[in-house]
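Notes follow once the structure below has been shown.
The values are calculated or read from the model by the stated rules, or taken from the named source; none is laboratory data. The structure presented is a predicted model; accordingly, all values stated were derived computationally and were not measured. Here the Cβ is made from the backbone with ideal geometry for all residues, glycine too, and neighbour counts use every protein chain on show.
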Amino acid sequence: MLLALAVRDMLALRDFVTVEAGIARGSREELTAARARPSGVSSGLRSWYRPTVTTMRATHPPAIDADIPTPRHYLVVDLEATTSAAGSLPPEEMETIEIGAVIVDGATLAPLGEFQSFVRPVRHPKLLPFCTQLTSITQSMVDDAPSFPEAFEALQTAVRGLHPLVFGSWGRYDHEQLRRDCALHGIRYQLGAAHLNLKTAFSAKQGLKRQLGMTRALARCGLDLHGAHHRGIDDARNIARMLPWIVGDRRLDAK
């Protein structure tokens, strides 16, 4: 059974399904949470967030609307990437080091399966201490991991036969990073043209005036954070749990 979105929700979501463009997924909420971490991680996150947002906004044009397919499935993706404190690693040189994805039934919004893979970076193969502190991903995890072309092919194989699907992530960063990695390795991007910005769609659906970071959005939904924040598979699972509030009929409690 295919999911039929209400006309109102279709129009609301249309503005946030994009073909191109990307901004960082950092948020004020994540920066606040970072202050509870060791000082090096907190200051590094602040410097990572600001230049990434500035560069992305300056480089990429406004989002281009795409037709919204009626999905059999949603593919919720969250990436972790190489990063550094104080902006020493330019955003355009960041590489994916973990792909986490949850396949969700379009009608019931129930999770059907998962995909997870670490990825071996090539531009900057040695992870910086800040990156490991932020993500908990260690050098040995990526040293023994497949290359990006191998990991991305495995992801595409995992979703083969599940189309039409909608690829969604919390913000546009993950969509843009996948395209950047594909370009770096000279491979074709084949997850479909449409991308659903779940972060923006959540605020629009719930009538919020501002966009929320993932952890704050979970709290607004009355959901606890499961697993470790800034781990791809854990974040993908948490984001998938919020789909009933993004594309379903659930409403936030009034506050």
Selected residue [at positive phi, of a type in the set (A, V, I, L, M) and either in contact with a His (Cβ under 8 Å, 6 or more places away or on another chain) or at pLDDT 95 or above (or both)] from 109, 155, 134: 109
Among the numbered criteria (1) farther than 13 Å from residue 71 by Cα; (2) more than 11 Å from the chain's Cα centre (by Cα); (3) buried (at least 23 other Cβ atoms within 10 Å of the Cβ), which one does residue 158 miss? (3)
Candidates 183, 204 - the one that is touching a helix residue (DSSP H, G or I) at 6+ places or on another chain (Cβ under 7 Å), part of a helix (DSSP H, G or I), surrounded by fewer than 23 Cβ atoms within 10 Å (Cβ to Cβ) and not β-branched (Val, Ile, Thr): 204
Exactly one of (1) in contact with a Phe, Trp or Tyr (Cβ under 9 Å, 6 or more places away or on another chain); (2) in a loop (DSSP other than H, G, I, E, B); (3) touching a residue at least 24 places away in the same chain (Cβ under 8 Å) is unmet by residue 134. Its number? (2)
Residue count, the stretch 61-104, condition at pLDDT below 85 and either more than 23 Å from residue 244 (Cβ to Cβ) or among the basic types (Lys, Arg) (or both), comes to 9
Across the stretch 161-180, what is the number of residues that are in a helix (DSSP H, G or I) and surrounded by fewer than 17 Cβ atoms within 10 Å (Cβ to Cβ)? 1
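Can you give me the number of residues within the stretch 224-244 that are under 21 Å from residue 175 (Cα atoms) and in contact with a helix residue (DSSP H, G or I) (Cβ under 7 Å, 6 or more places away or on another chain)?
Number of matching residues: 7.
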Taking the condition of being in a loop (DSSP other than H, G, I, E, B) and in contact with a Leu (Cβ under 8 Å, 6 or more places away or on another chain), how many residues in the stretch 137-153 meet it? 2
Which listed residue is under 15 Å from the mean Cα position of the chain (by Cα), among the aromatic types (Phe, Trp, Tyr) and under 30 Å from residue 88 (Cβ atoms), from 173, 189: 173
Condition met for residue 114 (surrounded by fewer than 22 Cβ atoms within 10 Å (Cβ to Cβ) and in a helix (DSSP H, G or I)): no
